[in-house]
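Heads up, the thing below is written out as structure tokens.
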Amino acid sequence: MAAFVVGIIVVALVFDFSNGFHDSANSIATIVGTRVLSPLAAVVWAATFNFAALFIIKTAVAQAIGSGMIDMNIVTPNVILAALLGAITWNVITWYFGIPSSSSHALIGGYAGAAIAKSGIGAILWGLKWKQTLSFIVISPVVGLVAGYLLMVAVFWIFRRSAPAKVDRFFRPAQLASSALLSLSHGGNDAQKTMGIIVALLVATQPVFAHQTGVLHHLYVTDGNAIPFWVEVCAYTSISLGTLFGGWRIVHTMGSRITKLRPVGGFCAETGGALAILVATRFGIPVSTTHTITGSIVGVGATHRLSAVRWGIAGRIVWAWVLTIPAAGALAAVGYIVLRAFLGP
């Protein structure tokens with residue numbers, strides 16, 4: 001059983017890697033789209049600040065995932081493994097088609113779907129964390145949109161007498177800071193979902209490791225609100241490595257197909273999105289960085305004129321948002337049924 005649990009932790013870190021691969025485009029798309037950094041320099045920049053979140057961001061989101069959404073009494077290794085496989089499958093599907101869906105919501109949906117497949121709808125703890133998570137599917141892109149729009153309006157007013165070339169010269173280096181802030185917020189919120197899943201697994205299997213010695217003793221965890229430091233390091237390392245490999249299909253969608261951006265627009269979109277994500281992370285709310293930065297980009301584009309936003313692309317993205325939780329949940333439920341048939345409950 002110990003080897004099986006360790007194997008599931010590896011799968012969780014693979015998901016975290018896929019999260020970085022899939023969602024890192026949110027961090028780098030605008031800075032690539034405005035040509036402030038090359039794609040290679042952008043992914044290195046983003047990965048660095050993904051990992052830096054380890055030393056800055058607290059673990060409130062991980063605690064919410066680890067103990068606040070699913071009844072821990074029904075959690076088993078099969079439930080966690082099915083949740084991860086459902087989320088990874090949905091990530092691969094949306095990556096292939098270049099759709100910036102939410103890895104965060106794929107994991108949450110997979111977790112819920114696997115739990116329901118095991119014990120019915122009663123497995124879900126319909127409390128504050130679910131209300132916040134579901135509400136922020138709508139709230140986070142709206143907050144990002146408003147923040148991006150207001151920042152862009154403020155910049156227009158402040159630099160209203162400046163030549164466009166001068167504005168660009170100012171905001172090209174400024175966008176390095178805004179991109180770093182967005183990458184920090186992305187790592188700080190998204191890596192914590194994997195931490196929460198790993199801790200939920202370890203709490204559910206604590207008898208397996210209660211009397212282990214050596215390295216395996218570090219897998220003995222009894223409290224879903226206590227995130228071991230090694231779990232944090234592994235999660236941030238995995239998401240950072242995923243970022244280094246990038247997600248070029250989604251970079252193209254986010255960086256240029258929604259709306260055309262200049263450095264000033266990239267700065268406002270990244271700053272608005274980052275601030276919205278950091279506030280949610282502070283209160284332990286697992287939000288989608290994809291939703292938030294997309295809202296910010298739309299808000300920036302809308303300051304020029306509504307036709308500057310390619311609403312057909314944005315609409316396709318919204319449909320991906322709506323479908324992610326139920327689709328990942330359904331995939332995870334099927335995965336749990338298959339695992340139960342071959343491995344038992």
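What follows draws every value from the coordinates through simple rules; no lab data is involved. Here the structure is a predicted model, which is why all the values come from computation and not from measurement. Virtual Cβ from ideal backbone geometry, glycine too; neighbours counted across all protein chains shown.
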* Structure fact -> Most exposed to least, judged by fewest other Cβ atoms within 10 Å, Glu232, Glu270 sort to Glu232, Glu270
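Would you mind putting 207-213, 325-331, 116-122 in packing order, based on average other-beta-carbon counts within 10 Å, highest first?
Numbers: 207-213: 12.0, 325-331: 22.7, 116-122: 15.9.
Those peptides, ordered most packed to least, come out 325-331, 116-122, 207-213.
Which of the helices in the chain meet the span-like rule: DSSP H, Cα axial reach of 18 Å or more, Kyte-Doolittle mean at least -0.5? Display every interim value, and only then the final one.
Details: long enough: 2-33 (46 Å, 1.43); 39-52 (20 Å, 1.44); 77-96 (28 Å, 1.26); 103-119 (24 Å, 0.58); 128-158 (40 Å, 1.60); 164-204 (58 Å, 0.46); 229-245 (25 Å, 1.25); 263-282 (28 Å, 1.02); 289-302 (19 Å, 0.80); 311-343 (46 Å, 1.52).
Helices meeting the span and hydropathy rule in the chain are 2-33, 39-52, 77-96, 103-119, 128-158, 164-204, 229-245, 263-282, 289-302, 311-343.
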* Asked: Relative to the Cα centre, what is the charge dipole magnitude of the chain, using +1 at the beta carbon of each Lys and Arg, -1 at the beta carbon of each Asp and Glu, and rounding to the nearest 20 debye?
  -> 1260
* Asked: Once you charge only the Cβ atoms, +1 for Lys and Arg and -1 for Asp and Glu, what is the size of the charge dipole of region 130-195 about its Cα centre, to the nearest 20 debye?
  -> 260
* Dipole of the chain, positive end: most advanced residue of Ala200, Ser103, Ala147 [Cβ charges, Cα centre] -> Ala147
* **Residue among Ala42, Val11, Gly265 farthest towards the positive dipole end of the chain, charges placed on Cβ** => Gly265
* Regarding region 2-343, what is the average projected area of its C-alpha convex hull, in nm²? -> 16.0
